[in-house]
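Some notes on the structure that comes next.
The values are calculated or read from the model by the stated rules, or taken from the named source; none is laboratory data. Computed from a predicted structure; not experimentally measured. For neighbour counting, all protein chains shown are included, and Cβ atoms are generated from backbone atoms with ideal geometry for every residue, glycine included. Please note that ligands, DNA and RNA were not included when accessible areas were found on the heavy atoms of the full protein model with its side chains. Shrake-Rupley method; radii C 1.70, N 1.55, O 1.52, S 1.80 Å.
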Amino acid sequence: MAFASSISHSLQGTALSRDVLYPTTKIYPSQLSIPQSSPISKKERKLLSFHICASVTDGRESSIEKQEPSVEKVPFPKGDSWSVHKFGGTCVGSSQRIRNVAQIIVDDDSERKLVVVSAMSKVTDMMYDLIYKAQSRDDSYIAALDSVLEKHKLTAVDLLEGDDRAIFLARLYHDINNLKAMLRAIYIAGHATESFTEFVVGHGELWSAQMLAALVRKNGVDCNWMDARDVLIVNLTGSDQVDPDYLESLKRLENWFSQNPSKTIIATGFIASTPQNIPTTLKRDGSDFSAAIMGALVKARQVTIWTDVDGVYSADPRKVSEAVVLKTLSYQEAWEMSYFGANVLHPRTIIPVMRYDIPILIRNIFNLSAPGTMICRPPVNEFEDGQGMESFVKGFATIDNLALVNVEGTGMAGVPGTASDIFGAVKDVGANVIMISQASSEHSVCFAVPEKEVDAVAKALQSRFCQALDAGRLSQVAVIPNCSILAAVGLKMASTPGVSATLFNALAKANINVRAIAQGCSEYNITVVIKREDCVRALRAVHSRFYLSRTTIAMGIVGPGLIGGTLLDQLRDQAAILKEKFNIDLRVMGITGSRRMLLSDTLQHLLVGLAVGFLYFCICGLFSEASGIDLSRWRELEKENGQVADLGKFVQNVHGNHFIPNTVLVDCTSDSGIASHYYDWLRRGIHVITPNKKANSGPLDQYLRLRALQRQSYTHYFYEATVGAGLPIISTLHGLLETGDKILQIEGIFSGTLSYIFNNFIGTQSFSEVVVEAKEAGYTEPDPRDDLSGMDVARKVIILARESGLELELSDIPIESLVPEPLRVTASAEEFLQQLPQFDQDMANKRQDAEDVGEVLRYVGVVDVVNQRGAVKLGRYKKDHPFAQLSGSDNIIAFTTERYKQQPLIVRGPGAGAQVTAGGIFSDILRLASYLGAPS
């Protein structure tokens, strides 16, 4: 019990010494608990007992074996002959994985190899749990320790044979018995010192290194295992970190090598010793740090970090499914990305290798064909002219669960020491400041801290500045919760024109508000603070904007009738080409009609995931891979899975996916009720595309309000197909106005239906016969009066008038209706067509009057900008006039402007039909994609 007494004494305050932790008392078999059920043979049991008696003279069985002093000191070689490998816990998580690691070591043809190994997967957490249970006086620590023993015993039995197995098991049982005594003492004291904790948790590395070394020797490679506590010396700092003592560590490494000369060394990661030889650790992620330190000590050719991913990604692949593996990173870029939460390396890992320009290669042990990511000093010519902008932005990282603290007041300006007082108070409560931003006016200082620490920070600041707050020198100490940080990382990107603008433009167009900004003169990162709920959407928006992934747009189609259905078919046929050639990913997340709607299954899967407790899986997996509705069978799916239409639920399903940064709703109806929602959709950051004329031709105040919102935000509202179907009428008008031209008059045949009717109203054919023919050909509305009334043309006229700057109401436009007065209230379209021949003579007379003077009849709309009026009428034109040269259902529009005064600018082409109208909508969708970052 002397060992337990020593532990108890140490727990009372005595420093944890080497003699306490490493007793030199010989251990006999009767003192060890070796279950008879252990899966080892009788011969091995006897061999095990022999080794226990004969060789276990050091409680931790140092890798420096007891031997006679060397006659001649073996010189320690340094330089490119060494390659360093580090294998993490997942790499050695099972016996088969340890075999894979051993094979990689054997296959490495480097002259000398130094391998740093972590504890088996989950073992370090298990060891910490032992400490927690023991000091909580939870008796289950005994069973938990037995689980640790069983895990390593079974692994050793599977991997090793003969003497190697017996020696390892002897050491394992001895370590377990020591741990039992130590944990019992902690249990009694109800407290564990930091030194005891770090000694306990470091055992996992000892066991995995010994097993791996024995397995490598079994494969015919001469190697020794190294307890890094014999070599690696670190000085503890006050910030839960350690600083390596490189000179002392190198001295000890040379001494260790002189006694254990070998071309292959298996070293423990994570653990080290203080200058007083007290065991300690390099803290979390310490194994990577160990490998970097060892690489620096031997001046290795390369340090390879083996992990379970293919390399360093341009963004978290759980949040951005299109994230790519980066081929190279500079040391500074890797440092920045790791600081901001990327699963790369701990920032400390970079420091040792930077000194000697030793590259670090990140590789996937489960995918040896992947080349990985090389972290090194970039070549001088990497940023020569001709490189794309994406070469300056390497990747994006995020930190969640933060709060922003804002200290402001006029009394701060020009007062020395204010910032020192602020951050002194933060330091006093032990909070970690993630980011700082201060305006040059010195009126306010804001900084981000972990959300769990913000209450303590706020209280400390209120206390520190209570007098200044009472006197009004400081106006407030405000806390903004639920924040996240998004960082764009890239060497020299800040000095490249356009990078910052592109970043903020992408965020603005995704309707994401930036709460704070920080950009250091180091030029390695631009950092913004945003709402936590916007984090993933922001990450995807900026990632796609820098061409690192596709421009992804979530779409909702309202009105899957003739035009909407045709659009969906066009999207289906073009989707693959858009992805492959234009980097545009259009995902239809919902389709709704007036009665039924079809939603993508993302929301349904999320609800199922919540029910069974797999929220993280749903968010990181399903949402990031939500592919939308299968457009090859959308009609079939609508019949099978459709549900009662609910516009609110529909919009939420389309826009609620935070993994897709951009949302567009496409209204293919002519419903004024749907159009009334445009303002709210745009205000929520949802883009709107439509051929529906009701919004732009409705009440003037609503139109002006809608356009004002569009101009004030980065949300887009496209409506090219409201006039001229697929013809570029609106865009042509905008182009003329934006380049400074002055519109004098717009005149045109805006109705494909009426164009067809009057193009065919020739010879002896009656007007009613042509109308019936047009209806049968599908050119008219179900009720032809909707076309003949002229109201559709009037709406197009009012749209063009308003786009030209005229503030006119629809009621201001005089309309010459082609529906005879007595038939305007006829009960049905069929009755209308039956009675229409009674009025053919009137239209025949008008045709004859025109023909008598060499003219033709055309139904036109006119926007007279000079006189600020419009009209819809049946006009007469000479047979050589462009309007008289039409055929079929073509539209034609003439722009008379200051530049095009003598000869108007003519736009002509098909102006009716589902194909061309859907094509015009599709064109607007692609224009939106180009505005959002897709290549144009």
| request: Please list the non-local residues whose amide H lies under 5 Å from the amide H of N235, H modeled 1.01 Å from N, same-chain partners needing a gap of 5 or more. | output: D243, D245
| Given the pairs K86/K180; K394/K531; K509/K639; K113/K153; K693/K775; K492/K579, which are separated by over 25 angstrom at their Cα positions? | K86/K180; K509/K639; K113/K153; K492/K579
| said: If I fit a long axis through the Cα atoms of helix 840-852 and take the longest principal axis of the Cα atoms of the chain, what angle between them do I get, 0 to 90°, rounded to 10? | reply: 80 degrees
| remark: Among segment 840-866, those whose backbone N falls under 16 Å of a label point 7 Å along Cα→Cβ from E816 are 842-864
| said: Check which residues have an amide H placed less than 5 Å from A272's amide H, if you skip close sequence neighbours. | reply: T280, T281, L282
| query | How big is the charge dipole of the chain about its Cα centre, in debye rounded to the nearest 20, if each Lys and Arg gets +1 on its Cβ and each Asp and Glu gets -1 on its Cβ? | reply | 2200 debye
| message | For Rg and Dmax of the Cα atoms in Å, pick the label among [x] 38.4, 128; [y] 33.1, 106; [z] 31.3, 92 that corresponds to the value derived from the coordinates. | response | [x]
| Alpha carbon centre of segment 223-289 versus segment 752-804: separation in Å? | 87 Å
| Charges only on Cβ, +1 for Lys and Arg, -1 for Asp and Glu: so what's the dipole of segment 443-554 about the Cα centre, in debye to the nearest 20? | 320 debye
| message | Tell me the carbon and sulfur percent of the accessible area for the chain, rounded to whole percent, probe radius 1.4 Å. | response | 50 percent
| Hz values of 3J(HN,Hα) by residue in segment 908-924 - Karplus curve (6.51, -1.76, 1.60), Gly and Pro given as x | 9, x, x, x, 8, x, 5, 5, 6, 5, 4, x, x, 5, 4, 4, 5
| task | Determine how large the accessible area of T274 is when every protein chain is in place; take a 1.4 Å probe and give Å² rounded to the nearest 10. | result | 10 Å²
| message | Could you give each residue of segment 738-753 its phi-based ³J(HN,Hα) in whole Hz, using Karplus coefficients 6.51, -1.76, 1.60 with θ = phi - 60°, and x for Gly or Pro? | response | 5, 8, x, 6, 10, 7, 9, 7, 10, 9, x, 9, 9, 10, x, 5
| task | Using θ = phi - 60° and the Karplus relation 6.51 cos²θ - 1.76 cosθ + 1.60, list the HN-Hα couplings for segment 460-474 in order, rounded to whole Hz, with x at every Gly or Pro. | result | 5, 5, 4, 5, 5, 10, 4, 5, 5, 5, 5, 7, x, 5, 10
| In a shell of Cβ-Cβ distance under 9 Å around I358, excluding I358 itself, what net charge do Lys and Arg (+1) and Asp and Glu (-1) give? | +2
| With DNA, RNA and ligands ignored, accessible area of H174 (1.4 Å probe; Å², nearest 10) | 10 Å²
| request: Counting helices only, and only those DSSP H runs with n ≥ 4, report the 222 nm mean residue ellipticity of the chain as the sum of -39,500 (n - 2.57) divided by its residues, in deg cm²/dmol to the nearest 500. | output: -12500 deg cm²/dmol
| task | Show M354, M211 ordered by accessible area, largest first, where the area counts protein heavy atoms only and the probe is 1.4 Å. | result | M354, M211
| field | Built amide H within the under 5 Å cut-off of H85, gap 5+ | value | L114, V115, V116, T304
| message | Defining a contact as two alpha carbons under 8 Å apart and six or more residues distant in sequence, what relative contact order in percent does the chain show? | response | 8 percent
| message | Please report the net charge: other residues with Cβ closer than 12 Å to the Cβ of L578, K and R +1, D and E -1. | response | +2
| field | Cβ-based net charge around S751, under 10 Å, with every Lys or Arg adding one and every Asp or Glu removing one | value | -1
| remark: For segment 395-548, whose charge dipole is built from +1 on Lys and Arg Cβ atoms and -1 on Asp and Glu Cβ atoms, the candidate among A516, L491, V477 with its Cα farthest towards the positive end is L491
| remark: Counting only DSSP beta bridges with both partners in the chain, the antiparallel fraction in percent, to the nearest 5, comes to 60 percent
